[in-house]
Amino acid sequence: MSPADLIRAVERAGGSIRYRPPDGLAVELPREAMAELAPVLREYKKQVIEFLSRPPDGPCPAGHAAYWWRLAEDDPWHCGRCESDPRAAQWAGATLADLAGRPLVLAAPPGFPAIREWVRTPLGWGSVLAYSGGGGELFLRLFDPQPGQRPLQWVPTAQAVSEAAAEPMASDSAAQPRRRPIP
Ligand SMILES: [Zn+2]
């Protein structure tokens, strides 16, 4: 039985299954289905965790070869076309080309600038919208894009300095006036 088959079996039985980092599963099932499925879930626990903790390869059930997003490590992956993310207002103007096919995580890895925090990057100041799957890159909205520069961009996380840590420097060409974009 593949992890996807097992997850579908849980859902058909009226239950749900979620990944609980680092190595747990939260399973809700009606009692009679639990008796039937618990041994299978135990047997395939490792495969199910692996399946739930990475973005799906290939299209969603509706056939979209779209991007995947989730709110946190223990959130299931959602197809960006079937379910728009709840922070869609911040994403106005984002295209699949901007997203570049990377899986998105809409929560900051521990110790990283929070979502919506202002960061200084080599491209300019912006606010953090999301992280790539491994946290190596962040997706940001530039406050003051240059002519021809896309307002939504990926930058390596290592090149972003959070507002709290950034010292304004007159000689720093990346420093730009801090101003909030007009909503
Ligand atoms: Zn879809």
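Rule-based calculations on the coordinates, nothing more; no lab input. Being a predicted model, the structure only gives us computed values, none of them experimental. Backbone-built Cβ (ideal geometry, glycine too); neighbour counts: all protein chains shown.
Odds and ends about this structure:
- Note on residue 50 and residue 4: the extension gain reaches 15.5 nm, defined as 0.36 nm multiplied by sequence separation minus the Cα-Cα distance.
- Listing 34, 1 from fewest to most neighbouring C-beta atoms within 10 Å gives 1, 34.
- Estimated translational D of the chain in µm²/s (Stokes, Kirkwood radius over Cα pairs; 37 °C; 0.692 mPa s): 179
- Fluctuation leader among 86, 103, 61 - the chain, Gaussian network, Cα springs under 10 angstrom: 61
- From the Kirkwood radius over Cα pairs of region 68-162, Stokes-Einstein at 10 °C and 1.306 mPa s returns a whole-number translational diffusion coefficient of 119 µm²/s.
- Spin-label zone in region 118-137 - amide nitrogen under 19 Å from a point set 7 Å from the Cα of residue 144 along the C-beta vector: 118-128
- Modelled spin-label separation between residue 42 and residue 71, with each label point placed 7 Å from Cα along the Cα-to-Cβ direction: 3.3 nm.
- Table column - 3J(HN,Hα) (Hz), region 75-87, Karplus curve with 6.51, -1.76, 1.60, x for Gly and Pro: 8, x, 6, 10, 6, x, 8, 6, 10, 6, 6, x, 9
- Residues whose amide H comes within less than 5 Å of that of residue 81, counting only those at least five positions distant or on another chain, are 67 (H built at 1.01 Å from N in the peptide plane).
- Charge dipole of region 4-143 (Cα centre as origin; +1 on each Lys and Arg Cβ, -1 on each Asp and Glu Cβ, all else neutral): 260 debye, rounded to the nearest 20.
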